[in-house]
Amino acid sequence: MRPEPSPSDRITSNATLPISTGESMPMATEITQQTLAVNPATGAALVREYEAHTPRSKQLADRAQKIMPGGETRTITFHPPYPLTGDHGSGCRFTDVDGNVYYDLINNYTSLLHGHAHPVINAAVEKQLPKGTTFATALEAQTELGEILADRVASVDMVRYTNSGTEATMNAVRAARAFTGRELIVKMEGGYHGSFDDFEISVHPDLTLAGPPDEPTPVIDTRGVVHSTLREVLISPFNNVDALTRLFTQYGKDIAAIIIEPVMGAAGCIPADREFLHAAQNLARQHGALFIADEVMTFRLGYGGAQEHYGITPDLTTFAKIIGGGFPVGGFGGRTEVMSIFDARNPNAVYQSGTFNGNAITTVAGIAAMKLFPRDEVTRLNVLGDQLRDGLTRELSSHGVPGVTTGYGSMIGLHLVDGEVRNYRDGAGGNATFKRALHLALLLEGVFAAPRLMFCMSTPMNPEIVNDVIARFGRALDRTLA
Ligand SMILES: Cc1ncc(COP(=O)(O)O)c(C=O)c1O
């Protein structure tokens, strides 16, 4: 077991800054990272305009706050002063309760691959509804969806379902521990793999607590995570082969698995280097550990997931989001030898369960969603993503705002930093006040992006829509710089 880091405040603060506390406006004509700022009057005006634009959302947020802490049920969807309340959606747009229409560039954090209320997915669900929603039996649709996944993903022979990506990664790690008889897990600094203790380590670490860049100190991300988790999780910097090699040299015989998201979504859509993923795979193999690709978000990037693009063959792959056609879902799969540990015909089988695993609605919706995403659609969507990324980069540059765009294909990140973003720390800086103001300005321009400035594409989009989004982004920058 690795030595436990000293207990001094590992818990990072998630405190949010009110938008109106922005730094004062720079006097310099050329904006630099140091001088990028929001005029306090502009910040306050954006908040006022947002409130005037969304009075019914505000009213419902006040009511929601009395029954749900913060008026929310997902920490990630909160943003100050209050989040929108959605009403209905169609294709790549949705309407809030005040009647404002937005291009949806989050798509429920990448899960709504085909946008809102796709008629083919709706028809599949409507056909199933009168027949029942879930049974404590096997279902043909479970097998069919599994066959589709195994057909698309070369490394997957067999699958199991869960209700979320969190449960998928949790079970994949359990599988790795059971299969190898070891306990240590390696994850990347900045990597998010779901809301579960083993993975709530060093997702968004405060850099003052996170130790040296090439040998990060594991940091608990949220209060409530069991302190002993720090003994089970090793943290390595993304895209750093030497650091990972050192970790395996030191702890290799105790490592059950390494889990990597090929394009780190939560850290701001940071793509792995091909060499890094191959090195990680080789190190795992050399040391008898399993290599887990977390494709919960990145499965949309290739017909066979991001692993096809990178040419890797993980032992286990985790899925969620797009494979449920817009319904709650998760799944994991891999080679038969590993997945067989769950075979309930064996009295010693590893336990994995979930009341709604593979329910009829999710599986029929998932089958429809996958059939609507053949190779040429995957390519078209990735090209639309490239168009958006290029357009955002152009707008940043023409407005003189220092920043870079990242991602691959239909997943796009925007960082208000200088220089290349190849790991969590490269992208962790940036002016938080400017980011918040820009996010509000985007909402006022009818563009729904993640507050962390992440964007993703959906299949109802086309090049004209992307150009419209880029123009709105430019206007949002104008508003933020006013
Ligand atoms: C890479 C990755 N893994 C796991 C998860 C957890 O999935 P879920 O939110 O369905 O539990 C997420 C969620 O965003 C994710 O992005």
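Ranked from the most accessible area to the least, with a 1.4 Å probe and all protein chains present, what is the order of Asp197, Asp315?
My answer, sorted largest first, is Asp197, Asp315.
Please give the contour-minus-distance gain from Leu129 to Glu215: 0.36 nm per residue of separation, less the Cα-Cα distance, rounded to one decimal in nm.
Taking 0.36 nm per residue and subtracting the Cα distance, the gain is 25.8 nm.
Which distance in Å, rounded to a whole number, links the C-alpha centroids of the stretch 43-67 and the stretch 284-345?
Centre-to-centre distance over Cα atoms comes out at 40 Å.
Just want the answer: with Cβ charges of +1 for Lys and Arg and -1 for Asp and Glu, which residue in Gly403, Ala284, Tyr50 is farthest toward the dipole's positive end in the chain?
Checked the options; the winner is Tyr50.
Could you order Glu215, Glu295 by accessible surface area, starting with the largest, using a probe radius of 1.4 Å?
Result of the area sort, largest leading: Glu215, Glu295.
Could you go through the stretch 331-339 in sequence order and give the Karplus-derived ³J(HN,Hα) for each residue, using 6.51 cos²θ - 1.76 cosθ + 1.60 with θ = phi - 60°, rounded to whole Hz, and x for Gly and Pro?
x, 8, x, x, 6, 4, 4, 7, 5
Would you mind working out the accessible area per residue for the stretch 209-336, using a 1.4 Å probe, and quoting it in Å²?
Accessible area per residue, the stretch 209-336: 30 Å².
Whole-Hz Karplus ³J(HN,Hα) for the stretch 51-59, in order, using 6.51 cos²θ - 1.76 cosθ + 1.60 and θ = phi - 60°, x for Gly and Pro?
5, 5, 7, 10, x, 5, 4, 5, 4
Taking the Cα-to-Cβ direction at Arg335 and at Ser353 and moving 7 Å from each Cα, how far apart do the two end points lie in nm?
The two pseudo-label positions are separated by 3.1 nm.
Taking H as built 1.01 Å from N, whose amide H comes closer than 5 Å to the amide H of Asp87, not counting residues under 5 places away?
Answer set, sorted by chain and number: Thr95, Asp96, Val97.
Taking 25 Å as the cut-off for C-alpha to C-alpha distance, list the pairs among Lys66/Lys321; Lys253/Lys321; Lys131/Lys371; Lys58/Lys435; Lys187/Lys321; Lys187/Lys253 that go past it.
Result: Lys66/Lys321; Lys253/Lys321 exceed 25 Å.
Modelled label-to-label distance, Glu147 and Val101, 7 Å Cα→beta-carbon offset: nm?
In this crude spin-label approximation the distance works out to 4.1 nm.
What are the residues whose amide H is under 5 Å from the amide H of Gly268, where those residues sit 5 or more places off or on another chain and H is modelled from the backbone?
Those lying under 5 Å, H to H, from Gly268: there are none.
Can you tell me what percent of all Cα-Cα pairs in the stretch 249-397 are more than 22 Å apart?
That tail contains 51 percent of the Cα-Cα pairs.
Nearest 500 deg cm²/dmol is fine: what mean residue ellipticity at 222 nm does the chain get from its DSSP H runs of n ≥ 4 alone, each adding -39,500 (n - 2.57), divided by its residue count?
Taking each H run of at least 4 residues, the total per residue is -11500 deg cm²/dmol.
Can you pull out the GluC sites (Glu not before Pro) in the stretch 385-482 whose DSSP state is coil and whose Cβ has at most 13 other Cβ atoms within 10 Å?
Passing both the DSSP loop test and the Cβ count: Glu420.
Could you please put Leu209, Leu36 in sequence from largest to smallest accessible area, using a 1.4 Å probe?
Most to least solvent-accessible, the answer reads Leu209, Leu36.
Leaving out ligands, DNA and RNA, what percent of the accessible area of the stretch 243-297 is carbon and sulfur, probe 1.4 Å?
Summing carbon and sulfur atoms, their accessible area is 51 percent of the total for the stretch 243-297.
Would you grab the residues whose amide H sits under 5 Å from the one on Leu414? Only those 5+ places off in sequence or on another chain, please, with H modelled 1.01 Å from N.
Thr406
Using the Kirkwood radius over Cα pairs, work out the Stokes-Einstein diffusion coefficient for the chain at 20 °C and 1.002 mPa s, in µm²/s as a whole number.
92 µm²/s
What ³J(HN,Hα) values, in whole Hz, does the Karplus curve 6.51 cos²θ - 1.76 cosθ + 1.60 give for the stretch 373-383 when θ = phi - 60°, with x put for Gly and Pro?
10, x, 3, 5, 6, 4, 5, 4, 5, 5, 5
How much solvent-accessible surface does Met158 expose, in Å² to the nearest 10, with a 1.4 Å probe and all protein chains in place?
Accessible surface of Met158 is approximately 90 Å².
Please work out the C-alpha center-to-center distance from the stretch 134-153 to the stretch 356-407 and express it in whole Å.
Distance between centres, Cα-based: 25 Å.
So, in nm, how far is label Asp478 from label Gln33 when the simple model puts each one 7 Å beyond its Cα toward the Cβ?
That separation, rounded to one decimal, is 3.0 nm.
The values are calculated or read from the model by the stated rules, or taken from the named source; none is laboratory data. The model shown is predicted, which means the values in this text are computed figures rather than measured ones. As a convention, Cβ positions derive from the backbone with ideal geometry for all residues, glycine included, and neighbour counts pool all protein chains shown. Note: areas computed on protein heavy atoms with side chains; ligands, DNA, RNA excluded. Shrake-Rupley method; radii C 1.70, N 1.55, O 1.52, S 1.80 Å.
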